[in-house]
Every structure is written in C-alpha cells, then in structure tokens.
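Okay, structure first, notes after.
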Amino acid sequence: MVSIIICSVSPLLLEDLKQNIAQTIGVEYEIIAIDNREKHWPIAKAYNYGAQQAKYPYLFFVHEDTRLLSDKWGEFIIPKLAEPECGVIGFVGDKARFSCCSGWYQFCDMSKVSYFYQRIKEGKTLFLVENADLNQPFQEVITLDGLGFWVRKDIWEKYPFDEELLTGFHCYDIDFSLQIATANYKNYVCCSNQMLIEHFSQGNFSDINWFSTTLRLHEKWKHLLPIKTSDLNISERKIRKCEELASYDFLRQVLKSDCDIMFKRKIFKMFLCRPFSWRHLTNCISAIIKYMRYA
C-alpha cells in the first residue's frame, strides 16, 4: 500500500531505517532506495525516479537520518491520504508563504506548525511542538519541510518535483508543497502520537547553493505570493512585518557568506526595493553598513 522512497548516501543509516520501518509500519509496503553515492543526482531527480518505480498508490518520501517512533503508523496515515482533497502530509510546515526569500519558516510564530522530535546534538533531542491542536491530528499548512512527507501517487504524477529548477538538494520540499497547495489540495502537518518521527540532523540553511536556489524559488512563485491557509488570522500589517524580518535575515546571511559580489549586490537591491516602513528604513541603514563591510 505504501511505497517508501529514500535518497541514500549512507548504507548504515539506510539499513537502520529499513529495520525500523519493518517493525513499525503495520501495512504492506516496499522500499525504493536510490543509492546516490555515485549518481550524485539532485534530490528532485532522485525522488521523481523513485516515484516512477513505485507500485503502490501512496508515496512516502523520507530522509534516511530519521526513525519512526509509533506502531502501525501506516494504518493511521492512509485514511487521511485517501481523502480526495488531501495533498501532502508532513511533520513540520507553515500556514503561509510570504513574498520574500526565506526557508519554510518566515519569522511568524503563529503560522509555524510542528510535531516531531529533533536531535540537536549527540545525546540530546527536543520534542518540537508548535501550534498543534491535539484534538485535530492534521493541521492545514501551505509549505512543508522535507524530512519526511506523504502524497498520493496520482497527485505526484500531476505535479512532479521540478528537476529544471531544483538542481541540488534544497527547496524541493517548499516547491513541491506549493505546487500542490496552489492546485486546490490541502497540505497538512500530522500532530498525533500515532505518527511520530525523530530527525537526526538539523539541515544547512547558510550555504551558497541554498541561497541561490531560494532566490530561484522566489522568482518562480512571487506572482502568487503571499498566500495562506483560510484559518490563519493574520493582518496585512503583520504579514509585512514578517516579510521585512525574513528579508533582512536572508540579506544578512548572504552578506556574511562566500557568495560572489554580484549575487550579494542583487539580493541587496531586492531588499532596498521592498515597500517602505520605518522598520524597513532602519534595517536598510543597518544593511548598508553590513554591505560595505562584507561586500
């Protein structure tokens, strides 16, 4: 019933996850593991290849540095996936996508939704729960993080991962969930003890490839942004504030990075052209000082 697709670079982690899945899933399944140690495929290509091979109607794309903690989670998740309006289901996401360059989190605590275990260092794991209503095991969101997510195969066939845009290992999750959210499906974060996961790594949101891919993602979707779920009660003023904070953080990280001067200049100009506010004016002055220091 479930085809589990893993882009693998560690045989040890893959074997541990295979054993973990066998002990916990509770339904018929197959594992499609793409050995990416030699292929070096972008994750969008690897995931599309895996989905093409899938024989079951429900797909689970998951990182190999994870561990499933609930018993018979397949029996719990499949009925939700089978609902006609259901799009992508994951473990952490955001109820909005604002008009700015950023990761899936955009400096709006009221829109972030999470329910999973995150290992932050050896021997220490945090249970990250944000805006989760335990009476509603599925919270609607717009975008999802890629540590693990489900989707029906028929939806993936209509909206596969964008291999032309995503030539590395970043933003595939945001782009994929945005495609499906804007196609009138509903994406969800699972907030239930019947489907718990632990993620071993925290990801990298400060390398040059992440910056450039995030910019390309923004260029692709900016004509539709901002968008949000219908249940997110947020004012236009709050949206602008979050956009300013996220934009300033993105610029600050770019200026401190090893990106070339032309890329830094482009992001700097984008930031200066944002709608005016007193906060933005203050950030502009700070950005100019940082630009002169780092550029």
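For the chain, what is the charge dipole size about the Cα centre, in debye to the nearest 20, if Lys and Arg each add +1 at the Cβ and Asp and Glu each add -1 at the Cβ?
That gives the chain a dipole magnitude of about 1420 debye.
Could you tell me which of rounded, prolate or oblate describes the stretch 2-233, using a ≥ b ≥ c as the square roots of the eigenvalues of the alpha-carbon gyration tensor, with rounded for a/c under 1.5 and, failing that, prolate when a/b is larger than b/c and oblate otherwise?
rounded
Taking H placed 1.01 Å from N in the peptide plane, check which residues at least 5 places from Phe138 or on another chain put their amide H under 5 Å from its amide H.
Correct list: Cys191.
For the chain, what is the mean residue ellipticity at 222 nm derived from helices alone (per DSSP H run of n ≥ 4: -39500 (n - 2.57); sum divided by total residues; nearest 500 deg cm²/dmol)?
Rounded to the nearest 500, the figure is -12500 deg cm²/dmol.
Report, in listed order, any pair from Lys153/Lys186; Lys158/Lys228; Lys158/Lys220; Lys80/Lys220 with a Cα-Cα distance greater than 20 Å. Write out the running numbers ahead of the final one.
Values: Lys153/Lys186 15 Å; Lys158/Lys228 22 Å; Lys158/Lys220 18 Å; Lys80/Lys220 30 Å.
With Cα atoms farther than 20 Å apart: Lys158/Lys228; Lys80/Lys220.
A short reminder: the numbers here are calculations on the coordinates, not readings from a lab. These numbers were taken from a predicted model, which means no experiment stands behind them. For neighbour counting, all protein chains shown are included, and Cβ atoms are generated from backbone atoms with ideal geometry for every residue, glycine included.
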